[in-house]
Amino acid sequence: MTPDKRYGGLDRFKLLASFLVVAIHTSPLASFSPEADFLLTRVAARVAVPFFLMVSGFFILPAYLFERSADSRAPLRFLGRAALLYLAAAGIYLPVGVYAGQYAGIGPLSILCRIVFDGTFYHLWYLPALIVGILLVYGLSRRLPFGGVLAVSLVLYAAGLFGDSYYGVIENLPGISSVYAAGFRVFSYTRNGIFYAPVFLAMGAGFGRSPRFFPKKAAAVCFSACMALMAAEGLILHRFGLQRHDSMYAMLPLCMLFLFPLVLSWRAEPSFFLRKVSQWVYILHPLCIVAVRGVSKLASLTDVLVGNSLVHYAAVCSLSFLLSACVAKLPVCAGKKDSQTGRAWIELDRDALRHNVAVLRSLLPPGCRLMPAVKADAYGHGAVLISRELSEMGVDAFCVASVREGVELRKKGIKGEILILGYTCPEQFCLLRRYRLTQSVLDFAYAQILDGCGKKTRVHVAVDTGMHRLGERCERLDEIIRIFQCKNLKIEGIFTHLCADDTRSPEDEAFTLAQGQAFRDIVSQLKERGFACPGPHLLASSGLLNYPELSGEYARVGIALYGMMSTRAGTESSSVSLRPVLSVKARIALVKDLYEGESAGYGLRFVARRDTQIAVLAVGYADGLPRALSCGVGRVLINGCEAPIVGPVCMDQTLVDVTGIPDVRPGGVAVIIGRSRSSVITACDLAEQAGTISNEILSRLGKRLERKMIAGTAR
Ligand SMILES: *Cc1c(COP(=O)(O)O)cnc(C)c1O
């Protein structure tokens, strides 16, 4: 499986867009043709900021806009980061503005308006507009469906147009123009504040939810046509002198509607670095303009460096890029490196988890909610970490395998329903009540024991429709009825488990549909006899992907939530794009040179056929690396290259062949599961090599591995 290459195109175009913004502020073609410069900087370059906004909407908003649950929290983390960035930028530019006399002779209220709406320097209006826009779109989405949010944003945009490019149209209408005049006392342009950003944020969010692309050619043709129309629009408005400003055109949202999918279809490696650099080019380029002018003056090079607009532009771009690359490499900006501690560890990608939740929610049949399976320490990911994230995303029902797993979650503050899918011994029934856990009724005999303990217990009744594992047999309707008659059982659900739902081959399909039918029959017969029969559920991951029509009130999704299916084939053939949440990494403890003929590892199982460099990794089978991967069956990634495992995997160490891999050093990092540069090893790959399924690989990852949630690849 390869990482999502869509983001690479976005990252690269973002840099281009930031250079377009520099163009707006430097007029590169002014020395040659004012008309060409107008078209470049006052029309074409106007796609840049909407593009930034759409990228933010694309990454940040879908999880909040399209999830069915109402209580997912506001995108606080992102807003916090944006506010911090604004503070940092204001810290740089406020003194510049004061020095330039921008704040001379205006009152404190006006200064406040400047800071809240206009930013502290001519380009910084963007950050407050982004923050206000996200809050607005998010707020609207709590009350309106997506179409409504989009409609309101468009109306705001239209209102903004008449304070911007179309100001001349209303300038002489006394009523309206006084409204705008009042507005302009608060903000200098209508692109600031609430008019401009929301529509692009909402459009980005729309693409983030269903990145179904326009065919590339069609998008390219439509984009070109829209750009031509926007150029015509700009020229006409300019010709008649209607523009108060030139940020907003009627054609601009349409241009973006086609530009964005075009960029999404640009497949390239995602780059965190470029993402950061473009952000800093945007923030720092006005400073670079001042610097280039200042230095030219001092060095008496003004004629060369500033006099020729294109040279000036190139100088500002180069300086901005260099400065931004340096800033992006600063430790505070380069992101947290603290996950790379310890000998071997697990990194969890928060964005991937959010993405998977959003994707799976979009597949849910009507009336169905997620009840994620967080058993076996959330398939090795860390049940508490994962459940906390899920709670934040509005998930309020979980399933686990054992009472201990349920108690652990409660002790760590997880709210909502927690269903125990497996056996609980009578001695522990008291824990069910103390921790408000819901027990599965495994069959009629088990129901009698549970009922006999004399206290009310919340339960879901398990029905066996053909797997012949847990559950009362569906043929034994009388026993099932007697379960429902137990007076101490507070029945809140009834469920079955599918066991051949991982394909739609004729045999599997016949069996699965028969299971579904048997389950429905039981439910309807119970209802006929007057039992309420709440909360029927039967879908797990494969069921939700392959047989969503079987429906139910919950989907007990496990493996898909973690970003894959049980096998590589199953993952690759699934119609949805899930992103693996977990990576396993280990330190290189030592690097060693072996002469030809020397052996390594237990049982002299590896013999160097040539001079060989090996690395000793601080990870072993006690951490969950299967011993079946010994002796060249498995491999790890180091600096993007594959290093085969040599000799048997040991309990705490593993040897790998790193001959020819550049830059392998003690303290370096080896990727066991996950991505290293452009190479990826998935849990499914490991499973295939070890002759098992990804579920087993993941759920056996050892307790010794530290688990850390990180922001992830998308932002
Ligand atoms: C583990 C389990 C699930 C989750 O299965 P996935 O295939 O990982 O989605 C659902 N239901 C039951 C009864 C389970 O035991």
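All but one of (1) of a type outside the set (A, V, I, L, M); (2) at positive phi; (3) touching a residue at least 40 places away in the same chain (Cβ under 8 Å) hold for SER300; which doesn't?
(3)
Can you say whether GLY632 is open to solvent by 30 Å² or more (accessible area, probe 1.4 Å), in a loop (DSSP other than H, G, I, E, B) and in contact with a strand residue (DSSP E or B) (Cβ under 6 Å, 6 or more places away or on another chain), as far as the supplied structure shows?
So GLY632 fits the description; yes.
Would you please list the contacts, defined by Cβ atoms under 8 Å and residues six or more apart or on different chains, that run from a residue in segment 387-408 that is among the charged types (D, E, K, R) to a residue that is assigned to a loop (DSSP other than H, G, I, E, B) and within 12 Å of the ligand (Cβ to nearest atom)?
Correct list of pairs: GLU405/VAL374.
How about segment 257-336: which helices (runs of 4 or more DSSP H) wholly inside it have at least 3 residues that are farther than 23 Å from TYR99 by Cβ and outside the structural domain of TYR126 (by TED's automatic domain parsing)?
The qualifying helices (runs of 4 or more DSSP H) are 272-298, 309-329.
Need the failing condition index for SER574 against (1) within 16 Å of the ligand (Cβ to nearest atom); (2) open to solvent by 30 Å² or more (accessible area, probe 1.4 Å); (3) more than 27 Å from ALA344 (Cα to Cα); (4) in contact (Cβ under 8 Å) with a residue 12 or more places away in the chain, just the number.
SER574 satisfies all of (1) within 16 Å of the ligand (Cβ to nearest atom); (2) open to solvent by 30 Å² or more (accessible area, probe 1.4 Å); (3) more than 27 Å from ALA344 (Cα to Cα); (4) in contact (Cβ under 8 Å) with a residue 12 or more places away in the chain except (2).
Taking the stated definitions as given, is THR503 of a type in the set (Val, Ile, Thr), surrounded by fewer than 17 Cβ atoms within 10 Å (Cβ to Cβ) and either in the same structural domain as VAL557 (by TED's automatic domain parsing) or within 15 Å of GLY466 (Cα to Cα) (or both)?
So THR503 passes the test.
So SER583 passes all but one of these: (1) over 16 Å from ASP685 (Cα atoms); (2) at pLDDT 95 or above. Which condition number does it fail?
(1)
When you go through (1) modelled with pLDDT of 95 or more; (2) of a type in the set (D, E, K, R); (3) within 17 Å of ALA397 (Cα to Cα) one by one for GLU507, which number turns out not to apply?
Single failed check for GLU507: (3).
Which of the strands (runs of 3 or more DSSP E) found entirely inside segment 438-511 contain at least 1 residues meeting this: touching a Leu at 6+ places or on another chain (Cβ under 9 Å) and polar (S, T, N, Q)?
Those strands (runs of 3 or more DSSP E) span 438-441, 457-464.
When segment 84-119 is examined, which residues are found to be at pLDDT below 85, buried (at least 18 other Cβ atoms within 10 Å of the Cβ) and closer than 22 Å to ALA23 by Cβ?
Selection gives ASP118, GLY119.
May I ask you to say which residue of VAL281, VAL263, VAL277, VAL290 is open to solvent by 30 Å² or more (accessible area, probe 1.4 Å) and β-branched (Val, Ile, Thr)?
VAL290
Yes or no, residue by residue, for (1) surrounded by fewer than 19 Cβ atoms within 10 Å (Cβ to Cβ); (2) within 30 Å of the chain's Cα centre (by Cα); (3) more than 21 Å from ARG369 (Cα to Cα):
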{"residue": "ILE480", "(1), (2), (3)": "no, no, yes"}
{"residue": "THR496", "(1), (2), (3)": "no, no, no"}
{"residue": "ALA510", "(1), (2), (3)": "yes, no, yes"}
{"residue": "ASP521", "(1), (2), (3)": "yes, no, yes"}
{"residue": "GLN525", "(1), (2), (3)": "yes, no, yes"}
{"residue": "ASN546", "(1), (2), (3)": "no, yes, no"}
{"residue": "TYR554", "(1), (2), (3)": "no, yes, no"}
{"residue": "ILE559", "(1), (2), (3)": "no, yes, no"}
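LEU364: within 16 Å of the ligand (Cβ to nearest atom) and surrounded by fewer than 21 Cβ atoms within 10 Å (Cβ to Cβ), yes or no?
yes
Among the residues of segment 561-571, how many are within 21 Å of the chain's Cα centre (by Cα), open to solvent by 10 Å² or more (accessible area, probe 1.4 Å) and more than 11 Å from the ligand (Cβ to nearest atom)?
1
Return the residue satisfying two criteria in turn: it lies in segment 192-210 and is at negative phi and assigned to a loop (DSSP other than H, G, I, E, B), and of such residues it is most open to solvent (accessible area, probe 1.4 Å).
ILE194
Scanning for something crowded, with 23+ Cβ neighbours inside 10 Å, in contact (Cβ under 8 Å) with a residue 12 or more places away in the chain and closer than 14 Å to ILE672 by Cβ, does segment 585-598 turn up at least one residue?
There is at least one residue in segment 585-598 that is crowded, with 23+ Cβ neighbours inside 10 Å, in contact (Cβ under 8 Å) with a residue 12 or more places away in the chain and closer than 14 Å to ILE672 by Cβ.
Quick check on segment 133-140. Is at least one of its residues surrounded by 18 or more Cβ atoms within 10 Å (Cβ to Cβ) and closer than 22 Å to LEU284 by Cα?
Within segment 133-140, none of the residues are surrounded by 18 or more Cβ atoms within 10 Å (Cβ to Cβ) and closer than 22 Å to LEU284 by Cα.
Please go through segment 508-558 and pick out each residue that is within 15 Å of the ligand (Cβ to nearest atom), in contact (Cβ under 8 Å) with a residue 12 or more places away in the chain and out of contact with any strand residue (DSSP E or B) (no Cβ under 8 Å at 6 or more places or on another chain).
Residues satisfying the conditions are THR512, SER541, SER542, LEU545, ASN546.
If we only count strands (runs of 3 or more DSSP E) wholly inside segment 522-617, which ones have 1 or more residues that are over 30 Å from ARG209 (Cβ atoms)?
582-594, 612-617
Tell me yes or no: at least one residue of segment 460-478 is open to solvent by 10 Å² or more (accessible area, probe 1.4 Å), acidic (Asp, Glu), away from the ligand (no atom under 16 Å from the Cβ) and at pLDDT 95 or above.
Yes - at least one qualifying residue is present in segment 460-478.
Inspect all residues belonging to segment 448-457 and state whether any of them is of a type in the set (A, V, I, L, M), within 16 Å of the ligand (Cβ to nearest atom) and assigned by TED's automatic domain parsing to the domain that holds GLN517.
no
Counting only residues that are more than 16 Å from the ligand (Cβ to nearest atom) and in a loop (DSSP other than H, G, I, E, B), how many does segment 383-417 have?
8
Just a yes or no: is a residue in segment 167-185 open to solvent by less than 50 Å² (accessible area, probe 1.4 Å) and closer than 19 Å to VAL49 by Cα?
No, there is no match, as no residue in segment 167-185 is open to solvent by less than 50 Å² (accessible area, probe 1.4 Å) and closer than 19 Å to VAL49 by Cα.
The values are calculated or read from the model by the stated rules, or taken from the named source; none is laboratory data. In this text, all values refer to a predicted model and were calculated from it rather than measured experimentally. Glycine gets a Cβ as well: all are built from the backbone with ideal geometry, and neighbour counts include every protein chain shown. All accessible areas refer to the heavy atoms of the entire protein, side chains included, with ligands and DNA or RNA removed. Shrake-Rupley method; radii C 1.70, N 1.55, O 1.52, S 1.80 Å.
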